[in-house]
Amino acid sequence: QVQLVESGGGLVQPGGSLRLSCAASELTFRVYRMNWYRQVPGKPRELVASITSDSDTNYAESVKGRFAISRDNAKETVYLQMNSLKSEDTAVYYCNANLGLKNYWGQGTQVTVFS
């Protein structure tokens, strides 16, 4: 059974940094497009960053220049380095693995930016 397990969320002050990790199991990780989404209550889930199997990356405008997505195929893990965090980055962050019609989700990790 495919599992995506996120870690690294927590509380941080504005301007601080966090690094999220998502460890995958039971899938051919290297061929999947890996994505990070986030969601706040009452709003749709938002795509934050994605990385293809060729390591091409894409970011939401709101996080460009502050967040960086990367992957380690040997460890079957995708990362999201988040710098210069703002209060509006507060959300539950979800890891997603996508390959065509196949779509898998992690359980989410809370990121709270507070002053």
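The values are calculated or read from the model by the stated rules, or taken from the named source; none is laboratory data. What you see is a predicted model; the values in this text were computed from it and never measured. Please note: Cβ atoms are built from the backbone with ideal geometry, for glycine as well, and neighbour counts cover all protein chains shown. Just so you know, the surface numbers come from the protein's heavy atoms only, side chains and all, with ligands and any DNA or RNA stripped out. Shrake-Rupley method; radii C 1.70, N 1.55, O 1.52, S 1.80 Å.
Per-residue answers, yes or no, for (1) under 18 Å from S7 (Cβ atoms); (2) open to solvent by 50 Å² or more (accessible area, probe 1.4 Å); (3) under 13 Å from the mean Cα position of the chain (by Cα); (4) not hydroxyl-bearing (S, T, Y):
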| site | (1), (2), (3), (4) |
| --- | --- |
| M34 | yes, no, yes, yes |
| K43 | no, yes, no, yes |
| V48 | yes, no, yes, yes |
| V63 | no, no, yes, yes |
Test for S62: is it of a type in the set (G, A, S), more than 22 Å from R30 (Cα to Cα) and touching a strand residue (DSSP E or B) at 6+ places or on another chain (Cβ under 9 Å): yes
Per-region count, the range 4-29, residues surrounded by fewer than 13 Cβ atoms within 10 Å (Cβ to Cβ) and not small (G, A, S): 4
Residue tally, condition charged (D, E, K, R) and modelled with pLDDT under 95, over the range 1-29: 1
Qualifying positions in the range 50-61 - surrounded by fewer than 16 Cβ atoms within 10 Å (Cβ to Cβ) and either touching a Lys or Arg at 6+ places or on another chain (Cβ under 8 Å) or of a type in the set (G, A, S) (or both): T52, S53, S55, A60
Strands (runs of 3 or more DSSP E) wholly inside the range 1-111 containing at least 2 residues that are touching a residue at least 60 places away in the same chain (Cβ under 8 Å) and of a type in the set (A, V, I, L, M, F, W, C): 3-7, 10-12, 18-25, 33-39, 77-82, 91-99
Considering residues of the range 69-97 that are closer than 19 Å to F29 by Cβ and among the aliphatic types (A, V, I, L, M) only, the residue surrounded by the fewest Cβ atoms within 10 Å (Cβ to Cβ): A74
